[in-house]
Amino acid sequence: MTLVDSGPASTGELEATARRQFRRARARRRRAQILLGALALAVIIAGYGIVSELPSTNQALLPPLSKIGSALVDGFRNGSLLTAIWASLRRVAIGYVLGCLAAIIIGSLRGWYRTIGYLLDPIIDGLRPVPALAYIPLVILWFGIGESARVLVIGLAAFLSCVVSVSAGMKEVPPVYVDAARTLGASRGQVFRTIALPAATPYIFAGLRVALGAAWGTLVAAELIAAQNGLGYLLEEGQQFFQTVTVIVALILIGVLGYLMDLLLKLLQRRLLRWSPGRV
């Protein structure tokens, strides 16, 4: 009589079943998240549509959804909205990338190397409480009212929002990883590149997402620096000429573009941080 050891097969089947159940539960959570988000958005739009159509509503202040939709269609058809979107996206992208790149470099050095941290802490901690918008007068005095001034303000907002998370991530690297690497003969620079930076990646992505919101939030003020195009310029133009539809359209586009960029960042985070238990 031959005995068959079914232990490994049973264990493999249990693991496969557990993985399938986990994927199904995650898919259910995502579907619920999408449905609830869509429901909340639909309620807000429906509520606005009802209020805007009431007889007592001043439609110059609360234009109906039909006028907003027509303005969006006409703006894309004649290219004015596409021009504004491209101008704003270009400014945000350049300022965001430059600001976050500086934040990752400076924040990593500040958080990992104690001496550098002692040197930079007073400077960064002194700059951080000051809103990026407060630097606009100084930026105008130093750099004028050209495109570089607008990009600089956006980059400054992204930098100040991201650098703290990067520094915190470098300080939270598990010591056991560092000790293991040094036991195997790794130098401090090798530990920094191969251990500290990967371990701090979740914190870096958190800083990148916060910086993205700060960059878009600063866009409007940055485009008030004598800009002749962009979504912020549309907001200012709509306010000056009492065109509420233009203001609402610009706000919608800023929100949608910011959401899409944050969504892309979250997808990248999920892909790169599959190993992290705290992944989004």
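Quick note: the coordinates plus some simple rules give every number you see, no bench work behind them. This one's a predicted model, so the numbers in the text were calculated from it and none came from an experiment. Every residue, glycine among them, receives a Cβ derived from its backbone with ideal geometry; neighbour counts consider all protein chains shown.
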Most mobile of Ser108, Ser165, Ser66 in a GNM of the chain (Cα contacts under 10 Å): Ser66
Compactness of the chain - radius of gyration and Dmax, Cα, Å: 25.0, 94
Relative contact order (%) - the chain, alpha-carbon pairs under 8 angstrom, separation at least six: 20
Size of region 186-231 as Cα extents on the principal axes (Å, biggest first): 54, 17, 11
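Could you give the size of the charge dipole of the chain about its Cα centre, using +1 on the Cβ of each K and R and -1 on the Cβ of each D and E, expressed in debye and rounded to the nearest 20?
1040
Order the peptides 44-54, 220-230 from the highest to the lowest mean number of other Cβ atoms within 10 Å of their residues. Don't skip to the end; give the middle numbers.
Values: 44-54: 12.4, 220-230: 19.1.
Listed from highest to lowest mean packing, they are 220-230, 44-54.
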Residues of region 233-263 with amide N under 15 Å of a point placed 7 Å along Cα→Cβ from Thr57: 244-245, 248-249
Dipole moment magnitude, nearest 20 debye, region 99-250 about Cα centre, only Lys, Arg, Asp, Glu C-beta charged: 640
Overall form of region 205-270 per C-alpha gyration tensor (a/c, 1.5; a/b vs b/c): prolate
Signed unit charges on C-beta, dipole axis of the chain, positive-most listed residue Gly47, Leu35, Ala221: Leu35
GNM result for the chain, Cα springs below 10 Å: residue of Trp86, Trp216, Trp142 fluctuating most strongly: Trp142
Cα centroid separation - region 81-125 against region 167-197, whole Å: 23
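Peptides 149-157, 121-129: what's the order by average Cβ count within 10 Å, highest mean first? Intermediate values should be presented prior to the final figure.
Numbers: 149-157: 25.7, 121-129: 11.6.
Packing order, densest peptide first, comes out as 149-157, 121-129.
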